[in-house]
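Quick notes on the structure that follows.
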Amino acid sequence: MNISLRQRIRGLPSGFHLLMLSDALSGLAMGAGYVSISWWVVSTGGARDMAWFSTLTALVMLIALPLTAPLGDRFPKNRVIAGGILLAMLSGLALAAMAWFGFYKLAWVVASESMAMFAWAIVFPSMLSIASELVPAARLTDALSLQKSSQSVGNLIGPVVGGSLMAFMPAWLALGAYAILLAIAAVGALRIQVPPRDLADLRDESFVDQVRSGLRVRWRIPLERSWAFWGLLVMTAYLPMVVTLLPIKLHQLGLPAIWLGACEAAASGGLLIGSLWLTHRLLQHCSRPRARAFAMWALAAVFLVVALTDNPYLMLAMFGIEGMLLSITMLIGQTHRTLAVPEAYRARVSAINVLVAKLGGMLGPALAGILLASWSLDGVYLFFALFHLLTVPPMLLLPGVNRFLGLSHDEVKDWYLRQHPEAFEPIAQTAGKLKQPI
């Protein structure tokens, strides 16, 4: 059934509307910050610094995610999100101060950005799972779609703002604007009203045990274990093409920073179209597994084109298509994987998904840096595009994935608990409590 945007928004609580606003502001800040920081590094330090920067900052988030994941399950998620964003703001201020004084040392830049990576490790798990607390399960698909859309709106504007500031203004001004946007986003997050939760049982479980339990859930569920392994390879291939190699390629083509902002904005615009319209339209005509397969094969073809072309306008178009296709793969899998996990575990389990992506974000740029030492940039880009293509069949053939995606939203709710109670031993003993708001 074709459901309009107005119909999808209608009936959602005011707390979710504030979440959308906060997500849009966060996306705006992150988009502006990514373009500003990346262009400052690649234009000042070169390709080698960019590869090291991407690898080391991803390593920080990789270490921080398991340690910070339980925060969203122990404390109100709105406060966790706001606190993390404020910490990222301090990182932005430090980078702006370096640019103001003309001080560029890779170690100090990495140290400052590492503070932001630690902050986003705090924010992302709660940001990914808070919607399930604000809306009923039957509306979670609409909620996640709208959340992706609000993030895309911010990401659409942010890179243009960051690229424009870096192209026409001093670097310190662009980095300072990034910090100011984060401060506004933190205020928006604090205003989100989350339902009260009974946290007594969760706080009886030690922090270390909560970290271990999130990892154990992923390991003891065969589908999630396979999804995490192959997802790691996908991210190892994918992230260097959009995070590390893209700014280097645009810089080598002699293009200004606004082109990096334009490519990021095109991808975000594609995400917006995909989350608001294309995904829902596609699912009217085919099953979730078929829609996912189409998107993954098409996404691999898009990156082959990006790797083989030096035409900036064609690259811009490809990143717009990439955003639309990415929204399909994200929305189809994320809703089911969120609902399948008991609510009390969602923040820490969502963190494992981010951890897998960030591990790929560390391995991929490290491999790119090694290859750039002896290969041309075009050769390295083509290597990662082919690598990404080879990961598609295993992702489509995950054991049980088509059956899982074919479940209705009512059937998939707490499905992992019913199928694999051994993965949730601390909570399975009090399963009755899972039926109540936590």
Quick check: pseudo-label points 7 Å beyond the Cα along Cα→Cβ at Ile9 and Ala107, how many nm apart are they?
5.1
When the dipole is taken about the Cα centre of region 301-405, and only Lys, Arg (+1) and Asp, Glu (-1) are charged at their Cβ, what size is it in debye, to the nearest 20?
500
Read phi for every residue in region 73-79 and hand back ³J(HN,Hα) as whole Hz from Karplus 6.51 cos²θ - 1.76 cosθ + 1.60, θ = phi - 60°, with x for Gly and Pro.
8, 9, 10, x, 5, 5, 6
For the chain, calculated [θ]222 nm from helices alone, where every DSSP H run of n ≥ 4 adds -39500 (n - 2.57):
-25500 deg cm²/dmol
Charge dipole magnitude, Cβ of K and R +1, D and E -1 - the chain, Cα centre, debye nearest 20:
700
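Looking at this model, which pairs from Lys249/Lys358; Lys105/Lys148; Lys77/Lys148 are more than 29 angstrom apart at the alpha-carbon? Intermediate values should be presented prior to the final figure.
Numbers: Lys249/Lys358 22 Å; Lys105/Lys148 35 Å; Lys77/Lys148 18 Å.
With Cα atoms farther than 29 Å apart: Lys105/Lys148.
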Whole-Hz Karplus ³J(HN,Hα) for region 96-110, in order, using 6.51 cos²θ - 1.76 cosθ + 1.60 and θ = phi - 60°, x for Gly and Pro?
4, 5, 4, 5, 4, 8, x, 9, 10, 9, 4, 4, 6, 5, 5
Cα-centre dipole for region 239-359 with unit charges at Cβ (Lys and Arg positive, Asp and Glu negative), debye to 20:
460
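Tell me, what % of the accessible area of the chain is carbon and sulfur with a 1.4 angstrom probe? It would help to have the intermediate numbers written out before the result.
Details: 11870 of 17510 Å².
Carbon plus sulfur share of accessible area: 68 percent.
What net charge is computed for the residues neighbouring Leu283, neighbours being all others with C-beta under 13 Å from the C-beta of Leu283, Lys and Arg scored +1, Asp and Glu -1? Provide the component values of the computation, followed by the final result.
Working: positive: Arg281, Arg288, Arg290, Arg292; negative: Asp142.
Result for the local shell: +3.
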Exposed chymotrypsin sites (Phe, Trp or Tyr not before Pro) being those in a DSSP loop with at most 14 other Cβ atoms within 10 Å, the longest stretch of the chain free of them is 104-374
What accessible area per residue comes out for the chain, rounded to a whole number of Å², with a 1.4 Å probe?
40
Measuring from the longest principal axis of the C-alpha atoms of the chain, the long axis of helix 207-220 (C-alpha) lies at a number of degrees, nearest 10, equal to 90
What ³J(HN,Hα) values, in whole Hz, does the Karplus curve 6.51 cos²θ - 1.76 cosθ + 1.60 give for region 18-34 when θ = phi - 60°, with x put for Gly and Pro?
5, 4, 4, 5, 4, 5, 5, 5, 5, x, 4, 5, 5, x, 5, x, 4
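The values are calculated or read from the model by the stated rules, or taken from the named source; none is laboratory data. This structure is a prediction, so every number in the text was calculated from the model and none was measured. With ideal geometry, Cβ positions are generated from the backbone for all residues, glycine too; neighbour counts draw on all protein chains shown. The area values use the complete protein model at the heavy-atom level, side chains included, leaving out ligands, DNA and RNA. Shrake-Rupley method; radii C 1.70, N 1.55, O 1.52, S 1.80 Å.
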